[in-house]
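Everything on this sheet refers to the single structure shown next.
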Amino acid sequence: MGGNSRRHYDVAIVGAGIVGLAHAVAASRRGLSVVVLDRAAGILGASIRNFGHLCLTGQDGLAREYGEESRELWLALAAEAGFWLRETGTVVVAQAEDETSVLEEFRDLRGPDDIVLLDAGQVRERVPVAADRIHSGAWLPRDLQVDPREAAGAIARRLRAGGVDFHFTTTVLGVERGRVHTARGPFIADTVIVAVNHDVDQLFPVIAETHGIQRCGLDMLLVDAELDGPLSSPLFTGWSLVRYAGFTRTASAAALRARLLAEHPDLAALDLNQMYTQRPDGGLIIGDTHYRGDGIEPFQGEPAFDALLALARDLFGVSDLRVRERWQGVYASAPQDFLVASPLPDVRVVSVTTGIGMTTGLGLAERVVDELYSSTSAQRLSEPTTSLSAR
Ligand SMILES: Cc1cc2nc3c(=O)[nH]c(=O)nc-3n(C[C@H](O)[C@H](O)[C@H](O)COP(=O)(O)OP(=O)(O)OC[C@H]3O[C@@H](n4cnc5c(N)ncnc54)[C@H](O)[C@@H]3O)c2cc1C
(Lines give C-alpha, C1' and ligand atoms only; values in the text may rest on other atoms or scores of the structure.)
Protein backbone atom coordinates (compact mmCIF):
# COMPACT_ATOMS: atom_id res chain seq x y z
CA MET A 1 0.00 0.00 0.00
CA GLY A 2 1.38 3.43 -0.80
CA GLY A 3 0.67 6.27 -3.18
CA ASN A 4 1.25 9.86 -2.25
CA SER A 5 -1.94 11.53 -3.37
CA ARG A 6 -1.45 14.63 -1.21
CA ARG A 7 0.26 15.95 1.90
CA HIS A 8 -2.47 17.89 3.73
CA TYR A 9 -5.05 15.95 5.74
CA ASP A 10 -7.57 16.45 8.49
CA VAL A 11 -5.98 13.63 10.49
CA ALA A 12 -2.52 12.05 10.36
CA ILE A 13 -2.16 8.75 12.21
CA VAL A 14 1.22 7.34 13.13
CA GLY A 15 1.15 3.53 13.38
CA ALA A 16 -0.81 1.06 11.23
CA GLY A 17 -1.51 -1.50 13.98
CA ILE A 18 -5.03 -2.09 15.23
CA VAL A 19 -4.98 1.03 17.43
CA GLY A 20 -3.90 3.30 14.57
CA LEU A 21 -6.37 1.62 12.20
CA ALA A 22 -9.12 2.01 14.79
CA HIS A 23 -8.53 5.77 14.79
CA ALA A 24 -8.55 5.75 10.99
CA VAL A 25 -11.91 3.95 11.09
CA ALA A 26 -13.33 6.46 13.57
CA ALA A 27 -12.02 9.49 11.65
CA SER A 28 -13.02 8.31 8.19
CA ARG A 29 -16.53 7.44 9.43
CA ARG A 30 -16.82 11.10 10.36
CA GLY A 31 -15.92 12.14 6.81
CA LEU A 32 -12.42 13.34 7.70
CA SER A 33 -9.48 12.94 5.34
CA VAL A 34 -6.92 10.57 6.85
CA VAL A 35 -3.35 9.48 6.23
CA VAL A 36 -1.74 6.54 8.07
CA LEU A 37 2.07 6.51 8.36
CA ASP A 38 4.09 3.47 9.45
CA ARG A 39 7.80 2.83 9.45
CA ALA A 40 7.45 -0.89 8.70
CA ALA A 41 6.95 -2.38 5.25
CA GLY A 42 3.51 -3.65 6.26
CA ILE A 43 1.44 -4.45 9.34
CA LEU A 44 3.97 -6.40 11.35
CA GLY A 45 3.58 -5.41 15.02
CA ALA A 46 1.61 -6.79 17.94
CA SER A 47 -1.59 -6.60 15.92
CA ILE A 48 -0.66 -9.67 13.85
CA ARG A 49 1.20 -11.51 16.64
CA ASN A 50 -1.70 -12.02 19.06
CA PHE A 51 -4.40 -14.65 19.65
CA GLY A 52 -7.14 -12.75 17.82
CA HIS A 53 -9.21 -13.09 20.97
CA LEU A 54 -11.69 -10.29 21.60
CA CYS A 55 -12.06 -11.09 25.29
CA LEU A 56 -14.36 -8.32 26.48
CA THR A 57 -16.22 -10.36 29.09
CA GLY A 58 -13.21 -10.74 31.37
CA GLN A 59 -12.54 -6.99 31.41
CA ASP A 60 -13.66 -4.49 34.00
CA GLY A 61 -14.21 -0.73 34.16
CA LEU A 62 -13.19 1.34 31.15
CA ALA A 63 -11.68 -1.69 29.40
CA ARG A 64 -15.07 -3.41 29.56
CA GLU A 65 -16.80 -0.32 28.15
CA TYR A 66 -14.31 -0.07 25.30
CA GLY A 67 -14.60 -3.82 24.77
CA GLU A 68 -18.38 -3.61 24.42
CA GLU A 69 -18.10 -0.71 21.96
CA SER A 70 -15.40 -2.55 20.05
CA ARG A 71 -17.56 -5.67 19.81
CA GLU A 72 -20.19 -3.85 17.74
CA LEU A 73 -17.50 -2.24 15.59
CA TRP A 74 -15.72 -5.57 14.98
CA LEU A 75 -19.01 -7.15 13.86
CA ALA A 76 -19.71 -4.26 11.50
CA LEU A 77 -16.15 -4.19 10.13
CA ALA A 78 -16.06 -7.96 9.53
CA ALA A 79 -19.29 -7.66 7.54
CA GLU A 80 -18.00 -4.64 5.56
CA ALA A 81 -14.46 -5.87 4.96
CA GLY A 82 -15.32 -9.57 4.69
CA PHE A 83 -12.79 -11.04 7.10
CA TRP A 84 -13.11 -14.14 9.31
CA LEU A 85 -14.79 -13.51 12.67
CA ARG A 86 -16.43 -16.08 14.95
CA GLU A 87 -19.17 -15.31 17.49
CA THR A 88 -18.38 -18.44 19.45
CA GLY A 89 -17.61 -16.90 22.82
CA THR A 90 -14.82 -18.18 25.07
CA VAL A 91 -14.74 -21.50 26.93
CA VAL A 92 -13.03 -21.47 30.33
CA VAL A 93 -11.76 -24.85 31.51
CA ALA A 94 -11.61 -25.02 35.31
CA GLN A 95 -9.24 -27.75 36.47
CA ALA A 96 -9.82 -27.45 40.23
CA GLU A 97 -12.45 -26.50 42.79
CA ASP A 98 -11.00 -23.01 43.39
CA GLU A 99 -11.21 -22.22 39.66
CA THR A 100 -14.86 -23.27 39.68
CA SER A 101 -15.41 -20.94 42.67
CA VAL A 102 -14.14 -17.93 40.69
CA LEU A 103 -16.47 -18.78 37.82
CA GLU A 104 -19.47 -19.19 40.13
CA GLU A 105 -18.78 -15.88 41.82
CA PHE A 106 -18.30 -14.18 38.45
CA ARG A 107 -21.70 -15.58 37.35
CA ASP A 108 -23.28 -14.08 40.49
CA LEU A 109 -21.69 -10.71 39.74
CA ARG A 110 -22.44 -10.58 36.03
CA GLY A 111 -25.44 -12.79 35.32
CA PRO A 112 -26.31 -15.27 32.58
CA ASP A 113 -25.85 -12.93 29.60
CA ASP A 114 -22.12 -12.82 30.33
CA ILE A 115 -21.39 -16.32 31.61
CA VAL A 116 -22.97 -19.76 31.42
CA LEU A 117 -21.59 -22.32 33.87
CA LEU A 118 -20.81 -25.75 32.39
CA ASP A 119 -20.31 -29.14 33.97
CA ALA A 120 -17.41 -31.31 32.87
CA GLY A 121 -19.47 -33.10 30.23
CA GLN A 122 -20.68 -29.83 28.75
CA VAL A 123 -17.11 -28.51 28.61
CA ARG A 124 -16.07 -31.66 26.76
CA GLU A 125 -18.87 -31.14 24.22
CA ARG A 126 -17.45 -27.69 23.41
CA VAL A 127 -13.67 -28.14 23.48
CA PRO A 128 -11.40 -31.14 22.79
CA VAL A 129 -9.77 -31.17 26.24
CA ALA A 130 -8.78 -34.43 27.99
CA ALA A 131 -11.71 -35.54 30.18
CA ASP A 132 -9.51 -36.05 33.23
CA ARG A 133 -8.31 -32.42 33.10
CA ILE A 134 -11.78 -30.92 33.58
CA HIS A 135 -13.34 -30.03 36.92
CA SER A 136 -16.00 -27.76 35.44
CA GLY A 137 -16.06 -24.75 33.17
CA ALA A 138 -17.93 -21.83 31.71
CA TRP A 139 -18.89 -20.30 28.43
CA LEU A 140 -18.55 -16.52 27.93
CA PRO A 141 -20.93 -16.08 24.99
CA ARG A 142 -20.19 -12.44 24.12
CA ASP A 143 -16.50 -12.87 23.27
CA LEU A 144 -15.39 -12.97 19.63
CA GLN A 145 -12.47 -14.36 17.67
CA VAL A 146 -10.69 -13.07 14.57
CA ASP A 147 -7.65 -14.35 12.71
CA PRO A 148 -4.84 -11.99 13.78
CA ARG A 149 -2.93 -12.63 10.56
CA GLU A 150 -5.87 -11.41 8.47
CA ALA A 151 -8.01 -8.90 10.35
CA ALA A 152 -5.81 -5.79 10.50
CA GLY A 153 -4.78 -6.13 6.84
CA ALA A 154 -8.41 -6.49 5.79
CA ILE A 155 -9.36 -3.35 7.75
CA ALA A 156 -6.48 -1.43 6.14
CA ARG A 157 -7.58 -2.50 2.65
CA ARG A 158 -11.14 -1.46 3.41
CA LEU A 159 -9.96 1.93 4.66
CA ARG A 160 -7.80 2.43 1.61
CA ALA A 161 -10.73 1.62 -0.67
CA GLY A 162 -12.67 4.29 1.23
CA GLY A 163 -10.03 6.95 0.53
CA VAL A 164 -7.60 6.68 3.45
CA ASP A 165 -3.97 7.07 2.30
CA PHE A 166 -1.33 4.69 3.66
CA HIS A 167 2.43 5.27 3.60
CA PHE A 168 4.52 2.35 4.79
CA THR A 169 8.32 2.41 5.11
CA THR A 170 7.78 5.96 6.34
CA THR A 171 9.40 6.47 9.72
CA VAL A 172 8.01 9.31 11.78
CA LEU A 173 10.84 11.31 13.33
CA GLY A 174 8.83 13.85 15.31
CA VAL A 175 5.50 15.57 15.65
CA GLU A 176 4.60 19.22 16.07
CA ARG A 177 1.23 20.91 16.00
CA GLY A 178 -0.21 20.48 12.50
CA ARG A 179 2.85 18.68 11.12
CA VAL A 180 4.39 15.23 11.14
CA HIS A 181 8.06 14.96 10.25
CA THR A 182 8.97 11.75 8.47
CA ALA A 183 11.99 10.26 6.74
CA ARG A 184 10.08 11.06 3.52
CA GLY A 185 9.45 14.69 4.42
CA PRO A 186 6.64 16.47 6.28
CA PHE A 187 2.90 15.70 6.25
CA ILE A 188 0.49 18.49 7.22
CA ALA A 189 -2.58 17.59 9.29
CA ASP A 190 -5.03 19.46 11.52
CA THR A 191 -4.85 16.71 14.14
CA VAL A 192 -2.23 14.05 14.75
CA ILE A 193 -2.80 10.73 16.52
CA VAL A 194 0.28 8.75 17.51
CA ALA A 195 -0.47 5.03 18.03
CA VAL A 196 2.93 3.37 18.06
CA ASN A 197 2.37 0.86 20.90
CA HIS A 198 5.56 0.45 23.01
CA ASP A 199 7.51 2.74 20.68
CA VAL A 200 5.93 5.65 22.53
CA ASP A 201 9.15 5.40 24.56
CA GLN A 202 11.08 6.37 21.41
CA LEU A 203 8.90 9.22 20.12
CA PHE A 204 7.67 10.59 23.47
CA PRO A 205 10.09 9.32 26.13
CA VAL A 206 8.95 11.78 28.78
CA ILE A 207 5.32 10.69 28.40
CA ALA A 208 6.42 7.06 28.60
CA GLU A 209 8.41 7.74 31.76
CA THR A 210 5.63 9.79 33.34
CA HIS A 211 3.08 7.02 32.78
CA GLY A 212 5.44 4.22 33.83
CA ILE A 213 5.39 2.55 30.44
CA GLN A 214 7.59 -0.49 30.01
CA ARG A 215 7.84 -3.05 27.24
CA CYS A 216 6.28 -6.46 27.74
CA GLY A 217 7.63 -9.38 25.68
CA LEU A 218 5.63 -12.58 25.11
CA ASP A 219 6.53 -16.03 23.81
CA MET A 220 4.07 -17.60 21.40
CA LEU A 221 3.81 -20.78 19.31
CA LEU A 222 1.78 -22.06 16.38
CA VAL A 223 1.49 -25.85 16.33
CA ASP A 224 -0.22 -28.58 14.37
CA ALA A 225 -1.90 -31.16 16.58
CA GLU A 226 -4.31 -34.06 16.18
CA LEU A 227 -6.82 -32.76 18.70
CA ASP A 228 -9.94 -34.76 19.52
CA GLY A 229 -12.02 -32.35 17.44
CA PRO A 230 -11.75 -28.68 16.46
CA LEU A 231 -11.19 -25.95 19.03
CA SER A 232 -14.23 -23.98 18.00
CA SER A 233 -13.75 -21.09 20.45
CA PRO A 234 -10.87 -19.44 22.33
CA LEU A 235 -9.94 -21.36 25.47
CA PHE A 236 -9.03 -19.82 28.84
CA THR A 237 -7.68 -21.68 31.88
CA GLY A 238 -7.34 -20.93 35.59
CA TRP A 239 -4.30 -18.79 34.82
CA SER A 240 -6.57 -16.43 32.87
CA LEU A 241 -8.82 -16.12 35.93
CA VAL A 242 -6.02 -14.47 37.91
CA ARG A 243 -5.09 -12.11 35.06
CA TYR A 244 -8.15 -10.28 33.73
CA ALA A 245 -9.68 -7.64 35.99
CA GLY A 246 -13.25 -8.90 35.65
CA PHE A 247 -12.26 -12.21 37.29
CA THR A 248 -9.71 -10.81 39.74
CA ARG A 249 -12.50 -8.70 41.27
CA THR A 250 -13.98 -11.87 42.75
CA ALA A 251 -13.04 -12.70 46.34
CA SER A 252 -12.12 -16.27 45.28
CA ALA A 253 -9.43 -15.09 42.86
CA ALA A 254 -6.94 -14.30 45.64
CA ALA A 255 -7.01 -17.89 46.95
CA LEU A 256 -6.66 -19.25 43.43
CA ARG A 257 -3.67 -17.01 42.77
CA ALA A 258 -2.03 -18.13 46.03
CA ARG A 259 -2.55 -21.80 45.16
CA LEU A 260 -1.20 -21.43 41.61
CA LEU A 261 1.86 -19.55 42.90
CA ALA A 262 2.53 -22.18 45.57
CA GLU A 263 2.01 -25.20 43.31
CA HIS A 264 3.63 -23.83 40.15
CA PRO A 265 6.36 -21.31 41.03
CA ASP A 266 8.12 -22.09 37.75
CA LEU A 267 5.04 -21.20 35.69
CA ALA A 268 4.27 -18.18 37.88
CA ALA A 269 7.84 -16.96 37.25
CA LEU A 270 7.03 -17.01 33.52
CA ASP A 271 3.96 -14.86 34.28
CA LEU A 272 1.97 -17.47 32.39
CA ASN A 273 -1.43 -16.99 30.82
CA GLN A 274 -2.24 -20.47 29.56
CA MET A 275 -4.65 -20.00 26.66
CA TYR A 276 -5.34 -21.18 23.13
CA THR A 277 -7.04 -20.17 19.90
CA GLN A 278 -7.28 -22.07 16.63
CA ARG A 279 -6.76 -20.29 13.31
CA PRO A 280 -9.00 -21.04 10.31
CA ASP A 281 -6.31 -23.32 8.80
CA GLY A 282 -6.34 -25.49 11.94
CA GLY A 283 -3.07 -24.17 13.41
CA LEU A 284 -3.28 -23.93 17.20
CA ILE A 285 -1.94 -20.70 18.74
CA ILE A 286 -0.38 -21.45 22.13
CA GLY A 287 0.64 -18.88 24.69
CA ASP A 288 1.84 -17.06 26.54
CA THR A 289 4.54 -15.81 28.88
CA HIS A 290 5.32 -12.22 29.90
CA TYR A 291 8.60 -10.44 30.68
CA ARG A 292 8.85 -6.70 31.26
CA GLY A 293 11.59 -4.10 31.08
CA ASP A 294 12.72 -0.92 29.36
CA GLY A 295 14.26 -3.11 26.68
CA ILE A 296 13.26 -6.65 25.75
CA GLU A 297 15.91 -9.31 25.07
CA PRO A 298 15.30 -10.72 21.59
CA PHE A 299 16.61 -14.13 22.72
CA GLN A 300 13.66 -16.32 23.67
CA GLY A 301 14.58 -19.02 26.18
CA GLU A 302 13.64 -22.58 25.26
CA PRO A 303 12.36 -23.45 28.78
CA ALA A 304 9.38 -21.15 28.26
CA PHE A 305 8.46 -22.95 25.03
CA ASP A 306 8.99 -26.33 26.73
CA ALA A 307 6.58 -25.32 29.48
CA LEU A 308 3.93 -24.06 27.04
CA LEU A 309 4.15 -27.27 25.00
CA ALA A 310 4.02 -29.53 28.07
CA LEU A 311 0.91 -27.75 29.33
CA ALA A 312 -0.79 -28.08 25.95
CA ARG A 313 0.02 -31.81 25.71
CA ASP A 314 -1.38 -32.35 29.18
CA LEU A 315 -4.56 -30.32 28.70
CA PHE A 316 -5.50 -31.72 25.30
CA GLY A 317 -4.22 -35.23 26.06
CA VAL A 318 -2.01 -35.40 22.96
CA SER A 319 1.61 -36.47 22.74
CA ASP A 320 2.37 -35.14 19.28
CA LEU A 321 2.53 -31.37 18.83
CA ARG A 322 4.44 -30.26 15.75
CA VAL A 323 5.75 -26.70 16.09
CA ARG A 324 5.15 -24.69 12.94
CA GLU A 325 6.27 -21.26 14.21
CA ARG A 326 7.63 -19.52 17.31
CA TRP A 327 7.56 -15.76 17.74
CA GLN A 328 7.95 -12.92 20.18
CA GLY A 329 5.29 -10.26 20.59
CA VAL A 330 5.81 -6.96 22.38
CA TYR A 331 3.31 -4.52 23.78
CA ALA A 332 3.34 -1.43 26.01
CA SER A 333 2.74 -2.18 29.69
CA ALA A 334 1.86 0.31 32.43
CA PRO A 335 -0.01 0.48 35.74
CA GLN A 336 -3.02 1.91 33.89
CA ASP A 337 -4.73 0.08 31.03
CA PHE A 338 -4.75 3.02 28.60
CA LEU A 339 -2.57 5.98 27.75
CA VAL A 340 -4.19 8.99 26.11
CA ALA A 341 -1.87 11.95 26.39
CA SER A 342 -1.91 15.33 24.72
CA PRO A 343 1.63 16.69 24.48
CA LEU A 344 0.44 19.49 22.17
CA PRO A 345 -2.96 20.86 21.19
CA ASP A 346 -4.55 18.65 18.52
CA VAL A 347 -1.99 15.90 19.08
CA ARG A 348 -2.95 12.72 20.95
CA VAL A 349 -0.60 9.93 21.94
CA VAL A 350 -2.64 6.75 22.41
CA SER A 351 -1.54 3.33 23.57
CA VAL A 352 -3.28 0.31 25.07
CA THR A 353 -0.89 -0.39 27.92
CA THR A 354 -1.89 -3.96 28.67
CA GLY A 355 -2.43 -6.86 26.31
CA ILE A 356 -5.99 -6.10 25.24
CA GLY A 357 -5.63 -3.76 22.25
CA MET A 358 -7.56 -6.07 19.91
CA THR A 359 -10.40 -6.22 22.42
CA THR A 360 -10.58 -2.52 23.26
CA GLY A 361 -8.82 -0.50 20.53
CA LEU A 362 -11.83 0.21 18.33
CA GLY A 363 -13.91 1.53 21.24
CA LEU A 364 -11.02 3.55 22.66
CA ALA A 365 -10.45 5.23 19.27
CA GLU A 366 -14.11 6.25 19.03
CA ARG A 367 -13.73 8.10 22.35
CA VAL A 368 -10.48 9.79 21.33
CA VAL A 369 -11.82 10.97 17.97
CA ASP A 370 -15.08 12.05 19.62
CA GLU A 371 -13.14 14.10 22.15
CA LEU A 372 -11.08 15.70 19.37
CA TYR A 373 -13.96 16.47 17.04
CA SER A 374 -17.24 16.75 18.91
CA SER A 375 -16.25 19.56 21.28
CA THR A 376 -15.91 23.08 19.95
CA SER A 377 -12.53 23.82 18.43
CA ALA A 378 -11.81 26.67 20.80
CA GLN A 379 -12.42 24.50 23.86
CA ARG A 380 -10.53 21.63 22.31
CA LEU A 381 -7.46 23.71 21.56
CA SER A 382 -7.23 25.23 25.01
CA GLU A 383 -7.82 22.15 27.13
CA PRO A 384 -5.83 19.16 26.01
CA THR A 385 -6.47 16.10 28.20
CA THR A 386 -3.88 13.83 29.65
CA SER A 387 -5.68 10.57 30.18
CA LEU A 388 -8.96 8.77 29.56
CA SER A 389 -7.98 5.92 31.78
CA ALA A 390 -10.23 4.69 34.56
CA ARG A 391 -7.45 3.79 36.94
C1 LIG B 1 1.66 -12.20 21.87
C2 LIG B 1 0.50 -11.25 22.05
C3 LIG B 1 -0.78 -11.74 22.25
C4 LIG B 1 -1.84 -10.87 22.42
N5 LIG B 1 -3.12 -11.36 22.46
C6 LIG B 1 -4.17 -10.50 22.45
C7 LIG B 1 -5.49 -10.96 22.33
O8 LIG B 1 -5.74 -12.15 22.13
N9 LIG B 1 -6.50 -10.05 22.44
C10 LIG B 1 -6.26 -8.72 22.60
O11 LIG B 1 -7.20 -7.95 22.75
N12 LIG B 1 -5.01 -8.24 22.60
C13 LIG B 1 -3.96 -9.09 22.53
N14 LIG B 1 -2.69 -8.61 22.55
C15 LIG B 1 -2.47 -7.17 22.59
C16 LIG B 1 -2.69 -6.53 21.23
O17 LIG B 1 -2.09 -7.31 20.23
C18 LIG B 1 -2.07 -5.13 21.28
O19 LIG B 1 -2.61 -4.40 22.36
C20 LIG B 1 -2.37 -4.35 19.99
O21 LIG B 1 -2.04 -5.13 18.85
C22 LIG B 1 -1.60 -3.05 19.98
O23 LIG B 1 -1.89 -2.40 18.77
P24 LIG B 1 -1.04 -1.17 18.30
O25 LIG B 1 -1.62 -0.69 17.03
O26 LIG B 1 -0.90 -0.23 19.44
O27 LIG B 1 0.43 -1.78 18.12
P28 LIG B 1 1.19 -2.44 16.88
O29 LIG B 1 0.36 -3.44 16.17
O30 LIG B 1 2.49 -2.93 17.42
O31 LIG B 1 1.40 -1.24 15.87
C32 LIG B 1 2.25 -0.16 16.16
C33 LIG B 1 2.80 0.33 14.84
O34 LIG B 1 3.54 1.54 15.05
C35 LIG B 1 4.58 1.56 14.10
N36 LIG B 1 5.59 2.52 14.53
C37 LIG B 1 6.32 2.53 15.67
N38 LIG B 1 7.14 3.58 15.71
C39 LIG B 1 6.94 4.28 14.57
C40 LIG B 1 7.50 5.47 14.01
N41 LIG B 1 8.44 6.19 14.66
N42 LIG B 1 7.09 5.87 12.79
C43 LIG B 1 6.13 5.18 12.11
N44 LIG B 1 5.57 4.04 12.59
C45 LIG B 1 5.96 3.61 13.81
C46 LIG B 1 5.07 0.13 14.09
O47 LIG B 1 5.80 -0.15 12.89
C48 LIG B 1 3.78 -0.65 14.20
O49 LIG B 1 3.27 -1.02 12.92
C50 LIG B 1 -1.61 -9.47 22.41
C51 LIG B 1 -0.33 -8.98 22.21
C52 LIG B 1 0.73 -9.85 22.00
C53 LIG B 1 2.09 -9.29 21.75
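The values are calculated or read from the model by the stated rules, or taken from the named source; none is laboratory data. All of these numbers come straight from a predicted model, not from anything done at the bench. Quick reminder, even Gly has a Cβ in these numbers, built from the backbone with ideal geometry, and neighbours come from all protein chains shown. The area values use the complete protein model at the heavy-atom level, side chains included, leaving out ligands, DNA and RNA. Shrake-Rupley method; radii C 1.70, N 1.55, O 1.52, S 1.80 Å.
Annotations for the structure displayed:
- Put simply, the C-alpha atoms of region 1-140 give a gyration tensor, and the ellipsoid matching it has half-axes of 40, 16, 13 Å, longest first.
- The calculated FRET efficiency for the pair Ala254 and Thr210, based on their C-beta separation and a Förster distance of 35 Å, comes to about 0.70.
- The modelled label-to-label distance for the pair Asp228/Ala310, using points 7 Å beyond Cα in the direction of Cβ, is 2.3 nm.
- Bins of 5 Å from zero: percent of alpha-carbon pairs in region 215-284: 3, 14, 20, 20, 17, 15, 9, 2
- Pair-distance profile P(r), taking every C-alpha pair of region 278-335, with 10 angstrom steps and integer %: 17, 48, 27, 8
- Net charge dipole size for the chain [Lys, Arg +1 and Asp, Glu -1 on Cβ; Debye, nearest 20]: 1320
- Computed over the chain with a Gaussian network model linking Cα atoms closer than 10 Å, the most mobile of Glu104, Glu68, Glu325 is Glu325.
- FRET efficiency for Arg177 and Leu44, using Cβ-Cβ distance with R0 set to 25 Å, rounded to 0.05: 0.30
- Probing with 1.4 Å while keeping every protein chain in the model, the per residue accessible area of the chain equals 39 Å².
- Column: log10 I(q)/I(0), Debye, Cα scatterers of region 30-99, q = 0.17, 0.28 Å⁻¹: -0.95, -1.25
- Taking the centroid of alpha carbons for each part, region 223-249 and region 1-79 are 25 Å apart.
- Relative contact order of region 1-111, pairs being alpha-carbon contacts under 8 Å that are 6 or more residues apart, as %: 16
- Projected onto its three principal axes, the C-alpha set of the chain covers 62, 40, 39 Å, listed from the longest axis down.
- Evaluated at q = 0.27 Å⁻¹, the base-10 log of the normalised Debye intensity for region 181-237, with identical point scatterers placed on the Cα atoms, takes the values -1.20.
- Relative to the longest principal axis of the Cα atoms of the chain, the long axis of helix 302-316 lies at roughly 60 degrees.
- Of the solvent-accessible surface of the chain, computed with a 1.4 Å probe over protein heavy atoms with every protein chain present, carbon and sulfur atoms account for 50 percent.
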